[in-house]
Amino acid sequence: MKTTILFLLCFVTFLTTAQETVDGTMTYDDVERVHKIYIPSSYSKETPAPLLLLIHGYSEPAAWILEYTKFKPLAEKHGFIIACPEGKINQAKVPSWDFDTTTSTGQLKDIEYINSFMDKLVKDYTIDQKRIYITGFSQGGFMSYIAGCTLSKRIAAIAPVSGAMPSSNLFKCSPVHSTPVIVINGDNDNAVPYNGNLYAKPVLESLKFWVDYNKCNETPVITSVEDQNTKDEQTVERYDYLNGDNNSKVVHYKVIGGTHLWPGREGNTSFEATPVIWEFLSQFKLE
């Protein structure tokens, strides 16, 4: 009997310390949404953990961005939870984020879904609510910008990748606190053009909004990033807009020759976006 009890105690201890990927669902607006949550092995209900919302691009399941961004080893090292909500299945039968459907108060329904998803995460896990961050690729980059604008009471800092601020009149940007931002775009991106299009503001216009809002220096410090792969015909420049209110700053990584791809994915290794994003975001918390 003692041996059995000891085994059970050890097994329970293992369950409470082993890393875990949770597949879940949540119903919002009468639609069942799926999501992925990664819990690091260091997680304890007694200690609030930072939260990284990781938002997929068009047609990508949540599981894909969790894998190809390779945030999980960093979550293990630094003890943060990763949560990947998934967009609705559209008429093309792929996951997508909706930038046109609004609530009765004019808020985008998909942003309200993200807000409700955060409520669920805070209820189910012990989250450090001063250290909630959001990053995403492509449509997920758009969602990261929108969350920084409309959910800023909850979001400490944002990191859009290959995304843009929407040019739609439905979109209003009204953050309520200084918001550090790291922006990553390739200047040869045909899906989300660097100079903008009918749906997306130019990258420099998006940057200017956050530089002005945070009252950063208008003239950036420009440096060249070490090229980790000289064969891919890409180079990277970093633009630092510093000295914003409450120690905020805006940082832009411009991938010269970069296409519509998360930097560091599929051999695109001139620049590894994932560790840089976490290093930036983790400096900040809501005050």
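The values are calculated or read from the model by the stated rules, or taken from the named source; none is laboratory data. From a predicted model like this one, the values you see are computed outputs, not experimental measurements. Here the Cβ is made from the backbone with ideal geometry for all residues, glycine too, and neighbour counts use every protein chain on show. Quick note on the areas: whole protein, heavy atoms, side chains included, nothing else; ligands and nucleic acids left out. Shrake-Rupley method; radii C 1.70, N 1.55, O 1.52, S 1.80 Å.
List of remarks:
- In the chain, helical runs assigned H by DSSP with n ≥ 4 each contribute -39500 (n - 2.57); averaged across all residues and rounded to the nearest 500, the mean residue ellipticity at 222 nm is -8500 deg cm²/dmol.
- Using the alpha carbons alone, the radius of gyration of the chain stands to its Kirkwood radius in an Rg to Rh ratio of 0.99.
- For the stretch 140-191, pairs of C-alpha atoms spaced more than 19 angstrom apart make up 25 percent of the total.
- If R0 is 35 Å, the Cβ-Cβ spacing of VAL221 and SER116 corresponds to a FRET efficiency of close to 0.35.
- Equivalent ellipsoid semi-axes - Cα gyration tensor, the stretch 147-287, angstrom: 24, 18, 13
- log10 of Debye I(q)/I(0), alpha-carbon scatterers only, for the stretch 234-273 at 0.23, 0.29, 0.30, 0.32 Å⁻¹: -0.72, -0.93, -0.97, -1.05
- Among beta bridges identified by DSSP and lying wholly in the chain, the antiparallel ones come to about 60 percent.
- Using a Förster distance of 41 Å, the FRET efficiency for THR259-SER104 (Cβ separation, nearest 0.05): 0.55
- Legend: calculated FRET efficiency, ASP29 to GLU67, from the Cβ-Cβ distance at R0 = 25 Å, rounded to 0.05, equals 0.35.
- Projected-area mean, the stretch 18-115, by convex hull of Cα positions, square nanometres: 7.2 nm²
- Centroid-to-centroid separation of the stretch 31-71 and the stretch 208-232 [C-alpha atoms, Å]: 27 Å
- C-alpha long axis of helix 203-214 to longest principal axis of the chain, angle in °: 70 degrees
- Within the stretch 168-227, the ratio Rg/Rh, alpha carbon atoms throughout and Rh by Kirkwood, equals 0.99.
- Against the main long axis of the alpha-carbon atoms of the chain, helix 2-17 sits at an angle near 10°.
- Estimated distance in nm for a label pair at GLN129 and GLN283, the labels positioned 7 Å out from Cα along Cα-to-Cβ: 2.7 nm
- Using the alpha-carbon positions of the stretch 77-213, Rg (one decimal) and Dmax (whole number) come out as 14.8, 42 Å.
- Formal net charge of residues neighbouring THR27 (Cβ-Cβ distance under 14 Å; K, R +1; D, E -1): -2
- Distance violations [Cα-Cα > 22 Å] among LYS88/LYS120; LYS153/LYS285; LYS36/LYS172; LYS70/LYS249; LYS88/LYS201; LYS36/LYS285: LYS36/LYS172; LYS70/LYS249; LYS88/LYS201; LYS36/LYS285
- Site pair GLU233 and SER59 shows an inter-label distance of 2.3 nm when each label is modelled 7 Å from Cα along Cα→Cβ.
- Summed side-chain charge close to SER44 - residues other than SER44 whose Cβ falls under 15 Å, Lys, Arg +1, Asp, Glu -1: -4
- In Å², nearest 10: area of ASP119 left accessible to a 1.4 Å probe: 80 Å²
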